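The values are calculated or read from the model by the stated rules, or taken from the named source; none is laboratory data. Values in this document were obtained by computation on a predicted structure and should not be read as measured data. Glycine gets a Cβ as well: all are built from the backbone with ideal geometry, and neighbour counts include every protein chain shown.
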Amino acid sequence: MLSSLKLLDLMSDRAESIARQWAKDVVRNSKTPYYHAVDQDEIIPQAVEFYQKLSRVYTDKDPFTSIRNFVGKFAEDRFQEGIPLPQALYAIVLMRRHIWLYAEFQAIFITIVEQQQAMDSLTRTILMFDYIAYALTEKYEMLIKNSTKKDKR
Amino acid sequence: MKTFAAKLFDLIELKTEDIAAQWAKDVMKHNRTPSYGSLPEETVIELGVKFYRLFRQMSLSNTPYETAKTFSSDYAEECYEKKIPLQEALYAVILMRRNLWLYADFQGTFMTVLEQYQAVEALNWTILMFDYVSYQITEKYHELIKGDADKKIGFVKMLIKDQPFGEKKSADKILIMFILLLGAVILTYYYHSSLATSTVFTHLFYIPIILASLWWGAKGIFIAVFLGIVILVSHTLFLQGIPFTDDIIRAVMFIVIGVVLSWLMGNVKKMKDIYHNL
């Protein structure tokens, strides 16, 4: 767990730089066409907030509950903006990819020990994002069901 | 990248059934995938085997994203038919990846320093492939949900379209409405002043009332109010001595129909928003 702290520091200290890289990517990626019409400066704050919140729950003993809370709010906002679930999910995938790309670019894992740390960090990050994907999908499905129910009433 | 991950692919080829069986045990008990618990174990294992075989195929393909499409589509259709919620179907795929990795770890596939380096590369490649599959499954699920919604809402779908009854510019709509209203005023004048009757022709007024509600929603009520006023004023001017009751009822009905249609169109708009969010 401790070995993943390097990545955690990077995520909280450089949230804005990583978010900028992500924004550049998401507005061009073919799997996130909704974002193509969006201004990059508008979406950077949501990614910064996301990275900061994630870095806070990274070392929690039960990160799933905390993730469910903050991702629930994130999903609600994206749903209100009209972003389809597959694209919201892929935008999250890109967020994860950019943490890693940034870490690689900054060369924070060089030595043999650091390679081991890289492996641990990667595993922990993947676990966090697995929870995020689940929480995001669950919330979206709930929001779609709720809006359909309200409409029936 | 694929050279580094070769060890992992060899393992998958040799132990597909074992890894799938291990995954089946996990997914059938996991608290985030309760729907899988009620499926027959053989069915679940078969799903796992199909997936791990696909994973091997993806490793050999130059276009792994395209290779994954058939599997993702079949998997999503199968899960959707079995009424498995999307988040569970996705988490089951996450568990497939995790079990693949656990199996490799358990078998001591990556031990030395060089192998550790290979492990990071293999893990990165694995994640990329799983990202593709997850995206495709979510996309297919939403296609299926939309397809179902299309079947259920049928006629309403036509109203959900941005421009019901053909694409009309705002200026065209105003022109059409103006012509219809002018026709209504002339008809009212003719029937009231020349024929001294108010029967039958007022049914034609429902055409502009319906169109106005479809095009402008709540604002369309003004057309109903306008037509109500037209027949009441005309009655006052040309049908003196004939009781007002029938025309008052007609005018009230115009407004009631206008209000009901506007309310329905408001709901159709909400459905449209939901439909676009799928």
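Quick notes
- With respect to the stated conditions, residue B:136 fails to be at pLDDT below 90, assigned to a helix (DSSP H, G or I), outside the structural domain of residue B:261 (by TED's automatic domain parsing) and not hydrophobic (A, V, I, L, M, F, W, C).
- Flag if residue B:147 is under 20 Å from residue B:212 (Cβ atoms) and either in a helix (DSSP H, G or I) or modelled with pLDDT under 70 (or both): no
- Of the listed requirements (1) closer than 22 Å to residue B:180 by Cα; (2) not in a helix (DSSP H, G or I); (3) not acidic (Asp, Glu), residue B:204 misses just one: (2).
- Filter result for residue B:44 (buried (at least 18 other Cβ atoms within 10 Å of the Cβ) and assigned to a helix (DSSP H, G or I)): yes
- Whenever a residue of region B:196-219 is assigned by TED's automatic domain parsing to the domain that holds residue B:248 and of a type in the set (Gly, Ala, Ser), its partners that are modelled with pLDDT under 85 and part of a helix (DSSP H, G or I), lying with C-beta atoms within less than 6 angstrom and at least six residues away or across chains, give the pairs B:213/B:265; B:217/B:265.
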